[in-house]
Amino acid sequence: MEIIKRNPKAFAMAVAMHLVLIFFLVFGVDWLEEPKVVRPHVDVIQAKVISEDQIVAEAQQLKQEKEKEKARKQAEKTKAEQELTDIKKKQEAEKLRLADLEKKRKEEAKKQEEVKKKAEAENKRLAELEKKRKKAEDDKKATAEAEKQRKADLDRKLREDEARLKREQELQNSLAAEQNARMAEQSSAFAIAVSNQVTGNWLRPPGTGTGLKCSLQVRVAPNGTVLEVHVTQGSGNDAFDRSAEAAVMKSDPLPAPPPGLRDLNLIFDPDNQ
């Protein structure tokens, strides 16, 4: 049946040939009669007689060929399956490789991002440091300028104060000189007035010669009242010295002394008045 399925034409020709032989055997054929040529209206099938052994051999051959074909197809299928398996394995390996590459790429991208963040943070830190440095430098300059200005102002103020103090001192010296001169003039006038008044009230002691003189210190009140008198340098004649003191006390009150004058050093020299 496998042979018939594989070669239907050959089987049909063999069957037809056997039917023709059976027909001639049953109905007979005059082999002496000259055959007539008949034009067939259909295609004539050229058939040949195939023995049963040959059919079996062919069937066996066909079976072997089919088995070989089956084995070949199985081998091809196995090969295709193996190739498909290899392709799948390669695809899985490639997929794993790509996944590993993607993982490495992501890790590298993450590292680069971390490096970028660190670089940005470092740049920011350096920028802050630079900003602080510039601010410190500006503050230092401003402080230096302020200190320079302060010193300049201080020096200017010191110079102004020195000039002012110098002017004040000069003024005070001038005023003091004027005051001293005025006080000296007043003191001189006061001393002359006191000396004249005391000399006018002096009585020469008997037995004293001329040319005697002594120094007296007279303390007076602002109104001229004599508070105290004593000899600071004697004449060598006690009677003369006592007479001088008595003349001062007799002259009380004296003229009002200049402001601030309380002690008067009076040289009593009546012979040279």
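Quick notes
- Charge tally for Ala152 (other residues, Cβ to Cβ under 11 Å; Lys, Arg +1; Asp, Glu -1): +2.
- Overall Cα dimensions of the range 116-245 - principal axes, largest extent first, Å: 128, 27, 25
- Counted charge near Thr210, where neighbours are those whose Cβ lies closer than 15 Å (Asp, Glu -1; Lys, Arg +1): 0
- Amide H to amide H distances under 5 Å link Leu266 with Leu216, Gln217, Val218, where only residues 5 or more positions off or on other chains count and H is placed in the peptide plane.
- Lys/Arg +1, Asp/Glu -1 at C-beta; the chain dipole; positive extreme among Leu266, Ala93, Leu19: Leu19
- Calculated on the Cα set of the range 201-272, radius of gyration then Dmax: 12.4, 40 Å.
- Two-decimal Rg/Rh across the chain, once Rg and the Kirkwood Rh are taken from alpha-carbon atoms: 2.28
- Membrane-span-like helices in the chain, defined purely by DSSP H runs whose alpha carbon atoms cover 20 Å or more axially and whose average Kyte-Doolittle hydropathy reaches -1.0, are 8-27.
- Cross-link reach list, aspartates and glutamates versus Lys5, counting only Cα pairs under 19 Å and skipping chain neighbours closer than eight places: Glu52, Asp53, Glu58, Glu65, Glu67, Glu69
- Helical mean residue ellipticity (222 nm; -39500 (n - 2.57) per DSSP H run of 4+; nearest 500) of the chain: -25500 deg cm²/dmol
- Using equal-weight Cα scatterers in the Debye expression, the normalised intensity of the range 67-109 in log10 at q = 0.14, 0.18, 0.26 Å⁻¹ is -0.49, -0.60, -0.80.
Just so you know, all these numbers are worked out from the coordinates, no wet-lab data involved. Just so it is clear, the structure is predicted and the values come from calculations on it, not from any experiment. FYI the Cβ positions are ideal-geometry reconstructions off the backbone, even for glycines, and counts take in every protein chain you see.
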